[in-house]
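The values are calculated or read from the model by the stated rules, or taken from the named source; none is laboratory data. Keep in mind it's a predicted model, so treat the numbers as computed, not measured. Note: ideal-geometry Cβ built from the backbone for every residue, glycine included; neighbour counts use all protein chains shown. Protein only, heavy atoms only, side chains kept; ligands, DNA and RNA dropped before computing areas. Shrake-Rupley method; radii C 1.70, N 1.55, O 1.52, S 1.80 Å.
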Amino acid sequence: MKDKPDFSYEDFEREAIKGLYEKKNFMGENGVFTPLIKHFLEKALALELEQHLKHEGGNKRNGLTTKTVKSSTGEFELTTPRDRNNTFVPEIVAKR
């Protein structure tokens, strides 16, 4: 699986300001704040899995999967972590 580039707050800030001047939506697939929310949720899910694995002897990470997150202002793709035993049930962004 290819690595994703790290989130750059400076790049986000520059693009967000540009998007605001272009009157783009705040959220949704191409929303101004979607990259920031996506980054935050992906980091939170990774930390949630890390905590889960501390209590699961022998269980390990097992890659990533994508899911579509639907909000009141639109949809966007989110990359979520998995575990080998399939016992990880995220609370921040629930399955399905």
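Hey, among the residues in region 83-96 that are among the β-branched types (Val, Ile, Thr) and open to solvent by 80 Å² or more (accessible area, probe 1.4 Å), which one's farthest from Glu56 (Cα to Cα)?
To start, the set of residues in region 83-96 that are among the β-branched types (Val, Ile, Thr) comprises 87, 89, 92-93.
Cutting the leftovers down to open to solvent by 80 Å² or more (accessible area, probe 1.4 Å) gives us 89, 92.
Numbers: Val89: 13, Ile92: 19 Å.
Once the filter is applied, the top-ranked residue is Ile92.
Which one of the conditions (1) modelled with pLDDT of 90 or more; (2) touching a helix residue (DSSP H, G or I) at 6+ places or on another chain (Cβ under 7 Å); (3) assigned to a loop (DSSP other than H, G, I, E, B) does Ile92 fail to meet, given that it meets all the rest?
(1)
Can you pull out the residues in region 13-49 that are in a helix (DSSP H, G or I), open to solvent by less than 80 Å² (accessible area, probe 1.4 Å) and either of a type in the set (D, E, K, R) or at pLDDT below 90 (or both)?
Thr34, Pro35, Leu36, Ile37, Lys38, Glu42, Glu48
Take Ser71 and decide whether it is free of Cβ contacts under 8 Å to residues at least 24 places away in the same chain and among the small types (Gly, Ala, Ser).
no
Hey, could you check region 1-12 for residues that are part of a helix (DSSP H, G or I) and open to solvent by 70 Å² or more (accessible area, probe 1.4 Å) and say which is modelled with the lowest pLDDT?
Tyr9
So which of Thr80, Thr65 ends up being exposed (fewer than 11 other Cβ atoms within 10 Å of the Cβ), at pLDDT 90 or above and of a type in the set (Ser, Thr, Tyr)?
Thr65
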